[in-house]
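Presented below is the structure to which this report refers.
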Amino acid sequence: MAPSSGLLSTGRSRPSPGLFWPSLLASVILALGAWLRCYEIAYNFDHDEVFSVEIARQPFFTAVRRSLADRSHPPLHYLSLWAWVHLAGTSEAWVRVPNIVISLTALHLLWRLALRLMNAWFALLPVFLCAVSPFFVFYGEEARPYALAQLFATLSLYCLVRTWDEPGTWRWPAAYGLSCLALLYTQYLGALLVGSQLLVGMLLPRLTRARLLVAGTLGCAAVVPWMLAAALYRGSDALPWVPVWIDTPNRLGLFELYAGFFGTFDTAGTTRLLLLATVLAGAAALYRWLSLLTWPVGVVVASAAAPPLIAFSVSLLGSVSIWAPRHLIGSAVAIMVVLGILLDRSPTFAGWPLAIAFSLWSLLTSPNSAPDISKPPYRALASELARESQVLLGLEEWVVRPLRYYSPIPVRHVREVDSLHASTMILVCRAANCRAWTDSDGRYDTTLLRSVTWTPKPTPLSTLEVYLLSPKY
């Protein structure tokens, strides 16, 4: 693709000729992505998936009310899942099928987008990274809204590039407005992505700019009635669509976020190698820096950089944290596209080795997305503990909800312990939280029965501990 001469140049991007072999390889990549997402598809749900399924299997209006109560996600995921589970049931495999299909559709759309921004061979890079990265595989399989958010974020970028290619029609601005509507009805923080795109849209020629801003603004405005309904439903809660459980990021949060999109190794210092490779990619792209000064590249860069920077700044300096990497999946897609553009503009001796290095990085970290090492074994643990014939307690909702879903016996929250009169009880909690409770409560003798971990490198947050509680009196 010949480089464009400026930010508002009239040169339009077009798919490269000779696409047979790149397209064939893209199909292989999609098949690999499908296999990774279907691996252990019937593994037990985690806490968040149980939350989605519990909403989806309710009667319709109950599902709507439960959606209104969710602080961070509008209703599109819940209502689409409601329709699916009432058709196909609530088995783990069937519940995850729609998200896998949506994730693969997003990968196909990403391929079409990348073809309009870079050489066909380098266009394979963002598709491959999004196909195998443990971040994208995990959220492409999980029965939560993030695959939908990935699809609509990718669609918004595709519509913007097509608007640049075909400026004389309402077709693509209108499609962009619909993608904005769908994204904001999937995830409130999608507003950061749309806002950054519309800001760059101010640089378009007057008529194209007007069409894009009208369509995008109307698409965003359509979510306001739902937000008002959520505010009325939650009553006195301030900003009912802002999550309250997300921790404030540390000062290296942006770098950790970026590395997490590609996947990380347990070996200390490896993240620095990833950052070094990124710096080299940017430096090598200066070889054809004029080709980066185009509006399509600008809007992709804004989509990649602005939402994480805003979320990080608000969370670090403000009173409320909105820092959740999964909510920035649209920016993660844009980052992969930016990387492909940089390497496409780089000299051959730099572009190809770096493309291979990034690809191998994500491929080698992709096993981290396997359900048996990324999700607690709640089904097996609940079945085992049910044989103990003791009252079963959970210290935190993160543990109680999935154990209740899978356990054949009742599971109580630890706050209900005052109403119990059992001689002994079994407590399940994450190691990061349970020792503080057992050490501070003087009514029970505590005996550690077992520890359950599911990650290759156990941490206090990836270890469940099972205690026997015996009254001292």
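The values are calculated or read from the model by the stated rules, or taken from the named source; none is laboratory data. Note that the structure is predicted; figures quoted are calculated from it, not measured. All Cβ positions, glycine included, derive from the backbone under ideal geometry; neighbour counts span all protein chains shown. Ligands, DNA and RNA are stripped out before the accessible areas are found, and what is left, the full protein with its side chains, is counted by its heavy atoms. Shrake-Rupley method; radii C 1.70, N 1.55, O 1.52, S 1.80 Å.
Summary table below
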{"read-out": "Lone qualifier among PHE312, PHE265 - being over 25 Å from LEU148 (Cα atoms), in contact (Cβ under 8 Å) with a residue 12 or more places away in the chain and surrounded by 15 or more Cβ atoms within 10 Å (Cβ to Cβ)", "value": "PHE265"}
{"read-out": "Filtered residue count, region 165-194, keeping only those that are buried (at least 24 other Cβ atoms within 10 Å of the Cβ) and assigned to a helix (DSSP H, G or I)", "value": "10"}
{"read-out": "Filter pass, LEU104 being assigned to a helix (DSSP H, G or I), over 27 Å from THR62 (Cα atoms) and open to solvent by less than 40 Å² (accessible area, probe 1.4 Å)", "value": "no"}
{"read-out": "Region 246-259 - residue that is open to solvent by less than 30 Å² (accessible area, probe 1.4 Å) and assigned to a helix (DSSP H, G or I) and, of those, nearest to ILE329 (Cα to Cα)", "value": "LEU257"}
{"read-out": "Close pairs from region 101-115: first among the basic types (Lys, Arg), partner assigned to a helix (DSSP H, G or I), Cβ under 8 Å, at least 6 apart", "value": "ARG112/TYR158"}
{"read-out": "Positions within region 291-309 being open to solvent by 60 Å² or more (accessible area, probe 1.4 Å) and in contact (Cβ under 8 Å) with a residue 40 or more places away in the chain, in sequence order", "value": "LEU293, LEU309"}
{"read-out": "Unmet requirement for ARG234, which otherwise passes all of (1) farther than 30 Å from ARG66 by Cα; (2) surrounded by 14 or more Cβ atoms within 10 Å (Cβ to Cβ); (3) of a type in the set (Lys, Arg)", "value": "(1)"}
{"read-out": "Leading residue by the ranking (farthest from PHE262 (Cα to Cα)) among those in region 371-401 that are among the small types (Gly, Ala, Ser) and in a helix (DSSP H, G or I)", "value": "ALA386"}
{"read-out": "Single residue of LEU239, LEU292 found to be modelled with pLDDT under 95 and within 22 Å of SER346 (Cα to Cα)", "value": "LEU292"}
{"read-out": "Neighbours by Cβ (under 6 Å, 6+ apart or cross-chain): first from region 133-162, farther than 13 Å from VAL337 by Cβ; second of a type in the set (Asp, Glu)", "value": "ALA143/GLU49; ARG144/ASP48"}
{"read-out": "Meets criteria (open to solvent by less than 40 Å² (accessible area, probe 1.4 Å) and either in contact (Cβ under 8 Å) with a residue 24 or more places away in the chain or closer than 20 Å to LEU461 by Cα (or both)) for SER362", "value": "yes"}
{"read-out": "Residues that are surrounded by 13 or more Cβ atoms within 10 Å (Cβ to Cβ) and among the aliphatic types (A, V, I, L, M), drawn from region 449-464", "value": "LEU449, VAL452, LEU464"}
{"read-out": "Criterion (under 23 Å from LEU360 (Cα atoms), more than 22 Å from the chain's Cα centre (by Cα) and aromatic (Phe, Trp, Tyr)) met by exactly one of TRP111, TRP121, TRP172, TRP164", "value": "TRP121"}
{"read-out": "Leading residue by the ranking (nearest to PRO296 (Cα to Cα)) among those in region 335-370 that are over 23 Å from the mean Cα position of the chain (by Cα) and not in a helix (DSSP H, G or I)", "value": "ARG345"}
{"read-out": "Residues located in region 343-390, provided they are hydroxyl-bearing (Ser, Thr, Tyr) and modelled with pLDDT of 95 or more", "value": "SER346, SER359, SER362, THR365, SER366, TYR378"}
{"read-out": "Condition met for ALA422 (open to solvent by 20 Å² or more (accessible area, probe 1.4 Å), modelled with pLDDT under 90 and either part of a helix (DSSP H, G or I) or within 27 Å of VAL53 (Cα to Cα) (or both))", "value": "no"}
{"read-out": "In region 123-147, the residues that are open to solvent by 20 Å² or more (accessible area, probe 1.4 Å) and over 14 Å from SER369 (Cβ atoms)", "value": "PHE128"}
{"read-out": "Subset tally (residues that are over 22 Å from the mean Cα position of the chain (by Cα) and open to solvent by less than 10 Å² (accessible area, probe 1.4 Å)) for region 55-88", "value": "1"}
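Yes/no matrix, rows are residues, columns are (1) outside any loop (DSSP other than H, G, I, E, B); (2) in contact with a Phe, Trp or Tyr (Cβ under 9 Å, 6 or more places away or on another chain); (3) more than 27 Å from ASP48 (Cβ to Cβ); (4) open to solvent by less than 20 Å² (accessible area, probe 1.4 Å):
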site	(1), (2), (3), (4)
PHE261	yes, yes, no, yes
LEU276	yes, no, yes, no
TRP289	yes, no, yes, no
VAL320	no, no, no, no
